[in-house]
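One structure, as structure tokens, below. Some questions next.
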């Protein structure tokens with residue numbers, strides 16, 4: 001095994017797909033780009049490789065024998081927050097939302113170009129790397145308390161479960177409370193530059209987040225819309 005210090009690549013990737021042709025194609029292209037690549041051809045093998053190599057990111061097919069990608073992700077999310085990008089021939093929006101809801105960081109439908117895949121990998125890793133400005137251990141804004149160390153959110157005294165992407169979206173809004181966050185800025189910060197124009201996608205996730213933290217999601221007082229511009233996370237007035 002190549003050690004992390006010896007690796008000439010940017011990140012160590014675990015690529016999981018039951019089609020050997022696709023595995024070879026991805027491995028060749030990603031290694032050319034400087035990544036260290038380890039492969040698995042089914043879900044059970046993926047879990048074994050994960051524990052053995054501790055990858056920086058997983059590229060995970062959904063439809064596989066022995067254990068499908070959704071079950072692999074569910075297992076991994078029980079003990080790790082490693083970034084996961086789903087690779088799937090399924091292009092239905094419901095499948096995309098299901099994967100993201102379970103904790104995936106992105107979803108790319110086959111067929112895709114090597115350049116697009118590398119762009120998605122880099123976007124996800126930019127979000128994941130802890131190299132941004134210092135974040136407080138805890139932030140209290142009215143009825144909401146965000147524990148950044150424990151990744152826990154309390155709303156009116158109750159713990160609220162957020163998916164990974166809901167957590168990232170709430171964090172960006174709350175850390176910029178009372179400041180207008182334009183659509184494009186939020187999309188780039190949370191999902192990457194490839195999503196900068198997907199305003200409808202952002203609206204879907206804002207609606208999901210409001211349903212968990214707003215007392216009246218249809219008449220929001222916390223995450224307020226600024227028409228045709230973006231959103232403001234409102235601090236409560238004293």
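The values are calculated or read from the model by the stated rules, or taken from the named source; none is laboratory data. Every value quoted in this text rests on a predicted model; they were computed, and no experiment measured them. Counting neighbours? That spans all protein chains shown, and the Cβs are built from the backbone with ideal geometry, glycine included.
Considering each of 120, 127 in turn, give the residue that is touching a strand residue (DSSP E or B) at 6+ places or on another chain (Cβ under 7 Å), surrounded by 16 or more Cβ atoms within 10 Å (Cβ to Cβ) and under 30 Å from residue 15 (Cα atoms).
120
Just to be sure, is residue 81 in contact (Cβ under 8 Å) with a residue 60 or more places away in the chain, surrounded by fewer than 15 Cβ atoms within 10 Å (Cβ to Cβ) and not in a helix (DSSP H, G or I)?
Criteria met by residue 81.
Keeping to region 168-188, report how many residues are under 14 Å from the mean Cα position of the chain (by Cα) and either buried (at least 21 other Cβ atoms within 10 Å of the Cβ) or not in a helix (DSSP H, G or I) (or both).
Matching residues across region 168-188 total 4.
How many residues does region 189-238 hold that are assigned to a loop (DSSP other than H, G, I, E, B) and in contact with a helix residue (DSSP H, G or I) (Cβ under 8 Å, 6 or more places away or on another chain)?
8
For every residue, the table says whether it meets (1) touching a helix residue (DSSP H, G or I) at 6+ places or on another chain (Cβ under 6 Å); (2) assigned to a loop (DSSP other than H, G, I, E, B); (3) modelled with pLDDT of 90 or more.
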{"position": "3", "(1), (2), (3)": "no, yes, no"}
{"position": "10", "(1), (2), (3)": "no, yes, no"}
{"position": "27", "(1), (2), (3)": "no, no, yes"}
{"position": "30", "(1), (2), (3)": "no, no, yes"}
{"position": "38", "(1), (2), (3)": "yes, no, yes"}
